[in-house]
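The values are calculated or read from the model by the stated rules, or taken from the named source; none is laboratory data. Nothing here was measured: the structure is a model prediction, and the numbers come from that model. As a convention, Cβ positions derive from the backbone with ideal geometry for all residues, glycine included, and neighbour counts pool all protein chains shown. Areas reflect the complete protein model, heavy atoms only, side chains present, ligands, DNA and RNA absent. Shrake-Rupley method; radii C 1.70, N 1.55, O 1.52, S 1.80 Å.
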Amino acid sequence: MNTITAIPEACRKFLRRKLLLDQPLATTDDAIRHHGYIQIDPIDVCGKMHDLILRNRVQQYQRDDLLKVLYQRKQRAFFEHYIGVLVALAIEDYRYLLPSMKRRRTSDRYSGALDAEQKKMARKIIDRIRSEGPLSSAAFLDSGRSQTGWGTNGTLAKTTLDKLFFHGRLLISRRDNFRRVFDLPERILPENILESKPATPREVERWLIQVRLKQRRLIILTAAHATLAKDFLTKVKVADQPPLYCLNEDAELLQQAADWPEPDTTPHLLAPLDPIIYDRKITRRVWDFDYTWEVYTPPAKRVRGYYALPILSGTRIVGHVDPKVDRQSGILNTRVVLEKGIDLSPSLKNFSSFLEMNSHKVIH
């Protein structure tokens, strides 16, 4: 494995470019393939997470464009599934998910084996979907109650649908107002994809490392994982810190980045789980920025706000925006913490337009 050295400033320039903030791509398809996957999240405070990620990376991206790519085409190129988080993936990656789907069917974890009542419900669900076509949990309102994977009470149908999805026995056919509508895999994916050979455990581990690298471009790895993927990895030494890793194909670009001119300082409002700040350890080390997505933080302990968006200007993170959408008035209200001398008005105007708000207002 080759080793290179880099200074934080070079890493920042490299990440901006490789994570598409300097030159967005023409299509959502291109962005998914470039990043390996796009994380999907249903929370909608000021746009859903996947839309906030893609608006900075796809030219003329509009809200819900990802869902159109996933579900409004006759020939599917992408599908939605779970790899620790919910993501949009290329259908060619389906084989890497098959082992975990099979393993969950007998697992005692929250996405694991069906209990006796869920087995009965599963037969009803699959029989109805087979005869009626795609259905959501709304089609089974009288199904009774069952404990969800989170230890709370939910409907038996929804809990069972969730498990059938995790087991790969059903896939998401479309979303209606973001509600999942399920169908049989053979009606969603092409035959050659469904018949693909499941990946081996070693292939799955290597694939997971590759998609993490494509997603974030600089990552931290255990010694065992670095050894497993050594043929496509380059070790990156940044000062006296533990090593980071990049793809071999990115190494030369990273070495050149120190000599690049300063990037555009137009402020970017980053998604809370944006790939450029996703890993908190790397964000501290490379960006000198300690960031936590506080949506699950108790209100009294929040530092920046429920759904704060960090602000990137050039090679510095210079503040954050805590947004609140007033849908009734059509106003995007924001609390802004920002370094002096940065003009955020054009970025807020653009963001307000993306959210289809009439105007924006900074609250002091």
Exercise. Which of the residues spanning the range 47-72 are open to solvent by less than 10 Å² (accessible area, probe 1.4 Å) and basic (K, R)?
Worked result: R57
For this session: Go through the range 146-225 and tell me which helices (runs of 4 or more DSSP H), entirely inside it, have 1 or more residues that are of a type in the set (D, E, K, R), open to solvent by 60 Å² or more (accessible area, probe 1.4 Å) and in contact (Cβ under 8 Å) with a residue 60 or more places away in the chain.
Result: 201-216
Seminar exercise, completed: Here the residues within the range 316-364 that are more than 23 Å from the chain's Cα centre (by Cα), among the polar types (S, T, N, Q) and within 25 Å of F289 (Cβ to Cβ) are N333, T334, S345
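Give, as residue ranges, the helices (runs of 4 or more DSSP H) completely inside the range 1-78 that count at least 2 residues that are over 13 Å from the mean Cα position of the chain (by Cα) and charged (D, E, K, R). Give the steps one after another, and end with the answer.
Values: elements: 8-18, 28-35, 49-55, 65-71.
Passing ranges, in order: 8-18, 28-35, 65-71.
Going through R16, R33, R103 one at a time, which residue ends up being within 25 Å of K163 (Cα to Cα) and charged (D, E, K, R)? Spell out how you get there, then give the answer.
Working: R16 fails: within 25 Å of K163 (Cα to Cα); R33 fails: within 25 Å of K163 (Cα to Cα).
That would be R103, the only listed residue that is within 25 Å of K163 (Cα to Cα) and charged (D, E, K, R).
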Exercise. Do any residues in the range 250-273 that are closer than 30 Å to P323 by Cα and among the hydroxyl-bearing types (S, T, Y) have Cβ atoms under 9 Å from those of residues that are open to solvent by 20 Å² or more (accessible area, probe 1.4 Å) and part of a helix (DSSP H, G or I), where the two are at least six apart or on different chains, and which pairs are they?
Worked result: T266/P346
For this session: Return the total of residues in the range 79-114 being at pLDDT 95 or above and closer than 17 Å to T159 by Cα.
Result: 9
Problem set entry | Which listed residue is basic (K, R), modelled with pLDDT of 95 or more and in contact with a strand residue (DSSP E or B) (Cβ under 9 Å, 6 or more places away or on another chain), from K214, K197, K163 | K214
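Check every one of the strands (runs of 3 or more DSSP E) wholly within the range 277-364 and list those with 3 or more residues that are open to solvent by 20 Å² or more (accessible area, probe 1.4 Å). Talk me through it step by step, then tell me what you get.
Working: elements: 309-313, 316-326, 331-338, 359-362.
Because the criterion is at least 3 residues that are open to solvent by 20 Å² or more (accessible area, probe 1.4 Å), the strands (runs of 3 or more DSSP E) in the range 277-364 that meet it are 316-326, 331-338, 359-362.
With respect to R12, is the statement that it is basic (K, R), under 30 Å from K237 (Cβ atoms) and free of Cβ contacts under 8 Å to residues at least 60 places away in the same chain true?
Numbers: basic (K, R): yes; under 30 Å from K237 (Cβ atoms): yes; free of Cβ contacts under 8 Å to residues at least 60 places away in the same chain: no.
Considered against the rule, which asks whether it is basic (K, R), under 30 Å from K237 (Cβ atoms) and free of Cβ contacts under 8 Å to residues at least 60 places away in the same chain, R12 comes out as no.
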Exercise. Does D93 qualify as being within 30 Å of P263 (Cα to Cα), assigned to a helix (DSSP H, G or I), among the acidic types (D, E) and out of contact with any helix residue (DSSP H, G or I) (no Cβ under 6 Å at 6 or more places or on another chain)?
Worked result: no
